[in-house]
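**Student:** Let me begin by handing over the structure; questions about it come next.
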Amino acid sequence: MTSAGSGHAAGRDQESSRAHAVPRDAADGPPPWVAVCGTPVAVVQGSWAGRRGLGSADPCPECRRLAPD
Ligand SMILES: [Zn+2]
């Protein structure tokens with residue numbers, strides 16, 4: 001799916017609980033996934049704008065700066 005809309009999925013580093021933003025085009029493809037801040041993520045789960053991304057307890061500040069939604 002390449003429909004218009006917010007462009008990031010929520011990813012998570014397996015070594016911490018920090019959430020990162022993964023470009024939607026990349027998240028739709030196979031792993032490995034890399035967040036916009038350059039951190040490899042092990043899991044992609046839902047929308048960056050949602051509670052597993054910006055709404056989570058520990059969103060990556062760099063991803064937050066680079067991907068406001
Ligand atoms: Zn990040």
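The values are calculated or read from the model by the stated rules, or taken from the named source; none is laboratory data. Quick caveat, the model's predicted, so the values are computed rather than measured. All Cβ positions, even for glycine, are placed from backbone atoms using ideal geometry, and neighbour counts span all protein chains on display.
**Student:** Mind checking which pairs have a first residue in segment 43-69 that is under 14 Å from Arg24 (Cα atoms) and within 12 Å of the ligand (Cβ to nearest atom) and a second that is of a type in the set (Phe, Trp, Tyr) and modelled with pLDDT under 95, Cβ under 6 Å, 6 or more apart or different chains?
**Tutor:** Every condition considered, no pair remains.
**Student:** How many of the residues in segment 18-42 are buried (at least 16 other Cβ atoms within 10 Å of the Cβ), of a type in the set (Gly, Ala, Ser) and more than 11 Å from the ligand (Cβ to nearest atom)?
**Tutor:** Total meeting the criteria: 2.
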